[in-house]
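The values are calculated or read from the model by the stated rules, or taken from the named source; none is laboratory data. In this text the structure is predicted, and so the values were computed from the model without any measurement. Positions of Cβ are backbone-derived with ideal geometry, glycine not excepted, and every protein chain shown enters the neighbour counts. These accessible areas exclude ligands, DNA and RNA; they are computed on the full protein's heavy atoms, side chains included. Shrake-Rupley method; radii C 1.70, N 1.55, O 1.52, S 1.80 Å.
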Amino acid sequence: MPLLAAAVCPHPPLIVPELAGAAAPELAELRDACAAAVAAVYAAGADTIVLVGAGERTTELALPRRGSFAPWGLPLTVDLGTPHPDPASPSPVRTAPPRSDHPALLRAVPPRGGSGSLPAVPPPAGVEPVPPPVDDAELPLSLLVGAWLVERTAPPAPTAWRMVSVASDEPADRCAALGAGLRVDGPWALLVLGDGSACHGPKAPGYDDPRAGAYDEGVARALADADADALLGLDPVLSAQLGVAGRPAWQVLAGAVRAAGGDWHGELRHHGVPYGVGYLVASWTRTDPTGPDGTPAGDTGTRAGDAGTAAAGGVTR
């Protein structure tokens, strides 16, 4: 069934106001942009939203899932796939001192573990599914923030959720194959989590690297133009050198869009480098006409498992 839309958001822990503390106002524009991107995905009419973000392993995480910001100093839990007993009563939030006095460093300290398995999305060839941990409260930071975003911006209609973790060192072709191989019943959308370079300036978590600016500008153009080929062209080695957390998830998005085919419109909602880290927010929306059943007219998208024959074209620049 058709991929209708995608939202791209960063995943700094500081996006949570209670964790940011005095720095919360500085990221208000970022939070608003993320909320708008998530709302646009809901408005596209997807029945299922697949969250994709970097983690230790490539696998789909079994739901329901609960995660916590406690490793970053905030005992706040978020749930995905588990309804709250009382939607009007959010989980209590108690603040605690962060793990570092440098706000940007909060994004660089990942929780331990965070992996599971669900046969619906097989990993790329050669990547074995990982059994769920005994304590499933730990999630990769990317998916923890993603769960917080979708919980914060409640969907207007019943929505099914899925979570996919992509190994940080996954090669580009396998990221693309994972995106092309996603099997989803009914119209669906993606929420893609990932930060840009962490090397913007001498106070950045990854220290200063003069290549960071050009790298993130290239990603910003690709997101604004819905340019899947440009995202697939990102070099994993350079991305790692620049501390780019979003590269694998962006390439999953690109693989999914290439496989889906059709015409796509991109909108860059936010691009900033607070604390020396690149944060990009974007929306991709399918624009080709749809039939009565919601299936894009003349859709030539590649079905799951046909990633090796996916056409390179079909994306509006």
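Descriptive notes on the structure:
- For residue 22, the criteria (1) closer than 26 Å to residue 6 by Cβ; (2) modelled with pLDDT under 90; (3) surrounded by fewer than 19 Cβ atoms within 10 Å (Cβ to Cβ); (4) not hydroxyl-bearing (Ser, Thr, Tyr) hold in every case but one, which is (1).
- When the residues of segment 216-252 are filtered to those that are buried (at least 23 other Cβ atoms within 10 Å of the Cβ) and not hydrophobic (A, V, I, L, M, F, W, C), the one that is nearest to the chain's Cα centre (by Cα) is 246.
- The set of residues from segment 146-193 being in a strand (DSSP E or B) and either farther than 30 Å from residue 214 by Cα or not aliphatic (A, V, I, L, M) (or both) comprises 160, 161, 162, 163, 165, 188.
The rows are residues; the columns are (1) surrounded by 18 or more Cβ atoms within 10 Å (Cβ to Cβ); (2) of a type in the set (Gly, Ala, Ser); (3) touching an Asp or Glu at 6+ places or on another chain (Cβ under 9 Å); (4) modelled with pLDDT under 90.
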| residue | (1), (2), (3), (4) |
| --- | --- |
| 17 | no, no, no, no |
| 27 | yes, no, no, no |
| 35 | no, yes, no, no |
| 49 | yes, no, no, no |
| 61 | yes, no, yes, no |
| 78 | yes, no, yes, no |
| 81 | no, yes, no, yes |
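- Of everything in segment 199-214 that is open to solvent by less than 60 Å² (accessible area, probe 1.4 Å) and in contact (Cβ under 8 Å) with a residue 40 or more places away in the chain, the residue that is farthest from residue 175 (Cα to Cα) is 201.
- Residue in segment 153-161 that is at pLDDT 85 or above and of a type in the set (A, V, I, L, M) present: yes
- Top-ranked residue of segment 148-166 - restricted to ones that are small (Gly, Ala, Ser) and farther than 24 Å from residue 177 by Cα, ranked as least open to solvent (accessible area, probe 1.4 Å): 157
- Conditions (1) at negative phi; (2) at pLDDT below 95; (3) open to solvent by less than 20 Å² (accessible area, probe 1.4 Å): number failed by residue 186: (1)
- Selection status of residue 196, assigned to a loop (DSSP other than H, G, I, E, B) and crowded, with 24+ Cβ neighbours inside 10 Å: yes
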